[in-house]
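> The structure follows.
The values are calculated or read from the model by the stated rules, or taken from the named source; none is laboratory data. This is a predicted model, so every value here is computed, not measured. For neighbour counting, all protein chains shown are included, and Cβ atoms are generated from backbone atoms with ideal geometry for every residue, glycine included. Just so you know, the surface numbers come from the protein's heavy atoms only, side chains and all, with ligands and any DNA or RNA stripped out. Shrake-Rupley method; radii C 1.70, N 1.55, O 1.52, S 1.80 Å.
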Amino acid sequence: AYPVISRLKATMEENGAAVALMSGSGPTVFGIFTDDQNAKEAYEAMQEAGLARQLFLTGFADGRGREE
């Protein structure tokens, strides 16, 4: 019903997401990345494509995945 969901997931996967999923029935789509640079590239690609009203790039609660 919402092709943008597939486009969001595909963009994350094309940029190295280990997995890209939708949370419940939406509205959240998220990707799990093992490489910070891939996550940043996916974020930028989605931003440039205008695929979402809000985008968040986060790290792990223990600080992994954050630049010092």
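> Tell me the per residue accessible area of the chain using a 1.4 Å probe; a whole number in Å² is fine.
77
> Just how large is the dipole of the stretch 1-58 about the Cα centre, in debye to the nearest 20, putting +1 at every Lys and Arg Cβ and -1 at every Asp and Glu Cβ?
300
> Now, a different point. Just the number, please: carbon plus sulfur as a percent of the accessible area of the chain, 1.4 Å probe, no ligands or DNA/RNA counted. Display every interim value, and only then the final one.
Working: 2520 of 5210 Å².
Its accessible area is 48 percent carbon and sulfur atoms.
> Treating the angle as unsigned and between 0 and 90°, give the value, to the nearest 10°, between the Cα long axis of helix 3-14 and the longest Cα principal axis of the chain.
Approximately 30 degrees, to the nearest 10.
> Between residue 51 and residues 5 or more places away or on another chain, which pairs have amide H atoms under 5 Å apart, with H built 1.01 Å from N, and which residues are they?
Here the answer is none, since no amide H 5 or more places off falls under 5 Å of that of residue 51.
> Order 36-48, 8-20 from most to least packed using the mean count of other Cβ atoms within 10 Å.
Ranked from most to least packed, the peptides come out as 8-20, 36-48.
> Could I ask something else about it? What does the accessible area of residue 32 come to, in Å² to the nearest 10, when a probe of 1.4 Å is used?
Accessible area of residue 32: about 80 Å².
> Another question, if that's okay. Which whole-Hz couplings ³J(HN,Hα) result when phi for each residue of the stretch 39-55 is put into the Karplus expression 6.51 cos²θ - 1.76 cosθ + 1.60, θ = phi - 60°, listed in order with x for Gly and Pro?
4, 5, 5, 5, 4, 5, 5, 5, 5, 5, 7, x, 7, 8, 6, 10, 10
> Further question on the same structure: Work from the charge dipole of the chain (Cβ charges, +1 for Lys and Arg, -1 for Asp and Glu, about the Cα centre) and give the residue of 37, 54, 26 farthest towards its positive end.
Toward the positive end, the furthest listed residue is 26.
> Next up: For the chain, treating each Cα as an identical point scatterer without solvent, what Debye log10 I(q)/I(0) comes out at q = 0.18, 0.23, 0.24 1/Å?
-0.64, -1.02, -1.10
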